[in-house]
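The structure appears below as structure tokens.
What follows draws every value from the coordinates through simple rules; no lab data is involved. From a predicted model like this one, the values you see are computed outputs, not experimental measurements. Cβ atoms come from the backbone with ideal geometry, glycine included; neighbour counts cover every protein chain shown.
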Amino acid sequence: MEELARLLDRPGHGRIVLFPRRPGEHGRPNAKDRDISTISDNHKAALTRIEAELERLIGGAGLGGDLSAGLREAMAYAVLGGGKRLRPLLVWLACEAVGGDAGKCLPAAAAVEFVHAFSLVHDDLPAMDDDDLRRGRPTLHVHTNEAMAILAGDALLNLAFAALLESDASDSARVALVQELTRGCAGMISGQVYDTMPGLDPEPDDRRRLERIHVNKTGALIRASARMGAICGGANTEQLEALTAYADAVGHMFQAVDDLLDVEQSAEQIGKRTGKDAQAGKLTYPGLLGVDGTRAEVARLLGEAERAIAVLDERGATLGSIARQMALRDR
Ligand code: IPE
Ligand code: IPE
Ligand code: MG
Ligand code: MG
Ligand code: MG
């Protein structure tokens, strides 16, 4: 732990203390670094516009046809009921980091959040993780019923691609956005298979299996977010590669922290049930490496993310700060 703390002493950022600390440990991390809500403070304007775009698209005619009002309500419940909005924020920040006009990436940002919301709704179903609490409220299948949760998830995935059609990016950029989101979804879905059906696609050892789960179920959409922002901003090859490497480290790290939260936090704090991974026999970082080993892995991945964006100019600095907040988050 001391070695880790030393590694995390870095000029310019103060001492970064990896979340989460165990109750009773003395000293607290800088509250501003640790609290994800500071993202909301720092990027309030972006988050306000993202929220408005989500509402606009949920309420709009993007899906055409005779959309059931009950279905639309279920979709709104899944999307508009809170959430950190990290993925759309990454789309926005990646676009800005390459010098783009972030306002133009809003449909792409919303599209990624729709896929994320769909993934959560299905993740919570009895056939998957069987959870009854999400974002501090009953999960969608508890609030409505299982059939509606399945169908609302399907519709959200469809709405994501409809949102990309509303983007005023060039035709070639829109094709690239569709390709990125398709790959992100496929990775996420495969990751869910690796997570919930161990042994179906065997790996030689648990460490490699764990990495494959995390980089897919969570990393793939985070990678898509950064790359979609980069595409909207007209990134060159070097910028796109840097953002991809950054997102790969952040995505992997984000799920490792999620696993820590499941072990160390309360449902009240994180808005979802805790202690579930071990109960379900899931392969997780804390399960495999212990809590301290997981923190060391989070620190390593954070370093990887920070190094990846070093080639970007100062406009990329916010991405470093959001990666640190993701490492330190407590919900
Ligand atoms: C939870 O994602 C599921 C994972 C992929 C780890 P978030 O922690 O981003 O959930 P919300 O959107 O803030 O609710
Ligand atoms: C889910 O991972 C990742 C998704 C693709 C939704 P988890 O099952 O760990 O996510 P939570 O903890 O329920 O949010
Ligand atoms: Mg799950
Ligand atoms: Mg789950
Ligand atoms: Mg989890």
Sum up the charges of everything whose Cβ sits under 15 Å from the Cβ of Arg72, counting Lys and Arg as +1 and Asp and Glu as -1, but leave Arg72 out.
-3
Go through the cysteines of the chain and tell me which have no other cysteine Cβ under 4.7 Å away.
Cys185
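Which helices, counted as full DSSP H runs in the chain, have an axial Cα extent of no less than 27 Å and a Kyte-Doolittle average of -0.5 or above?
Working: long enough: 146-166 (30 Å, 1.44); 171-196 (37 Å, 0.10); 237-264 (40 Å, 0.13); 285-308 (28 Å, -0.08).
Length and hydropathy pass: 146-166, 171-196, 237-264, 285-308.
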Excluding residues fewer than 8 positions from Lys104 in its own chain, the lysines with Cα under 28 Å of it are Lys44, Lys84, Lys217
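What is the order of Ile50, Ile222, fewest Cβ neighbours within 10 Å to most? Kindly include the intermediate steps, with their values, before the conclusion.
Values: Ile50 23, Ile222 29.
Least crowded to most crowded, the residues run Ile50, Ile222.
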Which of Asp171, Asp195, Asp132 has the fewest other C-beta atoms within 10 Å, and how do the rest follow up to the most?
Asp171, Asp132, Asp195
Taking alpha-carbon centroids only, the stretch 110-189 lies from the stretch 254-303 a number of Å equal to 23 Å
log₁₀ of I(q)/I(0) at q = 0.07, 0.09, 0.14, 0.16 Å⁻¹ - the chain, Debye sum with one point per alpha carbon
-0.26, -0.44, -1.14, -1.50
